[in-house]
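The values are calculated or read from the model by the stated rules, or taken from the named source; none is laboratory data. Everything quoted here is computed from the prediction, not taken from an experiment. Neighbour counts are summed over all protein chains in view; Cβ atoms, including those assigned to glycine, are modelled from backbone coordinates with ideal geometry.
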Amino acid sequence: MKKVQHFFEKYAFGVCTRLGEKLGLATTSIRMFFIYASFLTFGSPVIIYLALAFVINIRKHLRRRNNSVWYY
């Protein structure tokens, strides 16, 4: 089970993991919140999740870009 969890955390967006680190909460609690909130509100937290994933991905891209040839 840990291998599956590690695979998804490494290759998926990592939104819940990042939020857990920032807020000091357990990652499983945040994941459960997204799952329950998605069922209760017919999927609207999925939009928030994807927006957070987009922001995290853009930030990673910008950090990598700072080490390019143009900054020397």
_Output for segment 31-53, where each listed residue is hydrophobic (A, V, I, L, M, F, W, C), part of a helix (DSSP H, G or I) and more than 12 Å from the chain's Cα centre (by Cα)_ = Met32, Phe33, Ile35, Ala37, Phe39, Leu40, Ile47
*Just give me the residues in segment 15-72 being among the basic types (Lys, Arg) and either loosely packed, with under 12 Cβ neighbours inside 10 Å or modelled with pLDDT under 80 (or both), in sequence order.*
Lys22, Arg59, Lys60, Arg63, Arg64, Arg65
*Residue by residue through segment 13-36, note down the ones that are aliphatic (A, V, I, L, M) and touching a residue at least 24 places away in the same chain (Cβ under 8 Å).*
Val15, Leu19
*Which of the residues spanning segment 1-14 are assigned to a helix (DSSP H, G or I) and either surrounded by 11 or more Cβ atoms within 10 Å (Cβ to Cβ) or within 9 Å of the chain's Cα centre (by Cα) (or both)?*
Gln5, Phe8, Glu9
